[in-house]
Amino acid sequence: MNKKKKLEQLNEEWAKKALPLKSVAKNAVPGEGNPDADIVFVGEGPGKDEDEQGRPFVGAAGKFLTELIGSIGLSRDDVYIANLVKHRPPGNRDPLPDELKAYTPWLDEQIAIIEPKLIVTLGRFSMAYFLKEGLSISQIHGQPKRKEGRVIMPMYHPAAALYRGDLRPVLMADFAKILKTLQLIGQEQA
Ligand code: URA
């Protein structure tokens, strides 16, 4: 079975499960993009627009993410875009520890299928999930880290740049490092 089929099957199975935020959400937002991608972007969880459309990063923050991806010559179809939590937390509140515990195995299985070279975390929840240490995003954004055989590149959440304009050029500069990082990973693996 190819990665596309495996991912479809996985997402269908998980969408049927009893999950903590299922009853308060309109749609599951499993993720979308290229199942053979080298890069997986991981956000926090769906907002209002994502909940309505069942697609990740389609609201204002998503528009900026799409722009950032375009700024390095890629499109959303070249990468995979997912979230830690696949149903919208009510009122866009932060996901609770039990919710993260319930949803992240779904993400882990997606990543196991895609086998990306690089995981770009968007925001502090996603960074904390992958890097697990009490690190500050202001200190490590844009720096690739090796963890449990994976390469993780933490970035600010694009939504943060919507209310803090000074983070816009920071995100642009961090994104500009992605292709070089991928190239270095490729050389190591060669
Ligand atoms: N914010 C996220 O973290 N994920 C989305 O899909 C949309 C907004």
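The values are calculated or read from the model by the stated rules, or taken from the named source; none is laboratory data. If you're wondering where the values come from, they're calculated on a predicted model, not measured in any experiment. Glycine gets a Cβ as well: all are built from the backbone with ideal geometry, and neighbour counts include every protein chain shown. Each accessible area value is taken on the protein alone, full model and side chains, heavy atoms only, with ligands, DNA and RNA left out. Shrake-Rupley method; radii C 1.70, N 1.55, O 1.52, S 1.80 Å.
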Only one of GLU109, GLU99 is assigned to a helix (DSSP H, G or I), under 15 Å from the mean Cα position of the chain (by Cα), of a type outside the set (A, V, I, L, M, F, W, C) and at pLDDT 95 or above, namely GLU109
Going through (1) buried (at least 16 other Cβ atoms within 10 Å of the Cβ); (2) near the ligand (Cβ under 9 Å from one of its atoms); (3) in contact (Cβ under 8 Å) with a residue 12 or more places away in the chain one by one, ASN34 fails only at (2)
Of the conditions (1) open to solvent by 30 Å² or more (accessible area, probe 1.4 Å); (2) more than 16 Å from the ligand (Cβ to nearest atom), the single one that LEU162 does not satisfy is (2)
Pairing a residue in segment 165-189 that is touching a residue at least 24 places away in the same chain (Cβ under 8 Å) with any residue that is among the hydroxyl-bearing types (Ser, Thr, Tyr), where Cβ atoms lie under 9 Å and the two sit 6 or more apart in sequence or on different chains, gives VAL170/TYR156; LEU171/TYR156; MET172/SER71; ASP174/TYR156; PHE175/SER71; ALA176/SER71
Within segment 77-90, the count of residues that are away from the ligand (no atom under 12 Å from the Cβ) and open to solvent by less than 40 Å² (accessible area, probe 1.4 Å) comes to 2
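Yes/no matrix, rows are residues, columns are (1) open to solvent by 30 Å² or more (accessible area, probe 1.4 Å); (2) away from the ligand (no atom under 16 Å from the Cβ); (3) of a type outside the set (A, V, I, L, M, F, W, C); (4) touching a residue at least 60 places away in the same chain (Cβ under 8 Å):
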residue: GLU99; (1), (2), (3), (4): no, no, yes, yes
residue: THR104; (1), (2), (3), (4): no, no, yes, no
residue: GLU109; (1), (2), (3), (4): yes, yes, yes, yes
residue: PRO116; (1), (2), (3), (4): no, yes, yes, yes
residue: LEU122; (1), (2), (3), (4): no, no, no, yes
residue: GLU133; (1), (2), (3), (4): yes, yes, yes, no
residue: GLN139; (1), (2), (3), (4): yes, yes, yes, no
Filter segment 42-54 for residues that are more than 8 Å from the ligand (Cβ to nearest atom) and over 17 Å from PRO95 (Cβ atoms); the one that is least open to solvent (accessible area, probe 1.4 Å) is GLY54
When ASN11 is run through (1) assigned to a helix (DSSP H, G or I); (2) more than 10 Å from the ligand (Cβ to nearest atom); (3) open to solvent by 50 Å² or more (accessible area, probe 1.4 Å), the failure sits at (3)
The helices (runs of 4 or more DSSP H) lying entirely within segment 118-169 that contain at least 3 residues which are within 21 Å of PRO95 (Cα to Cα) are 124-131, 160-163
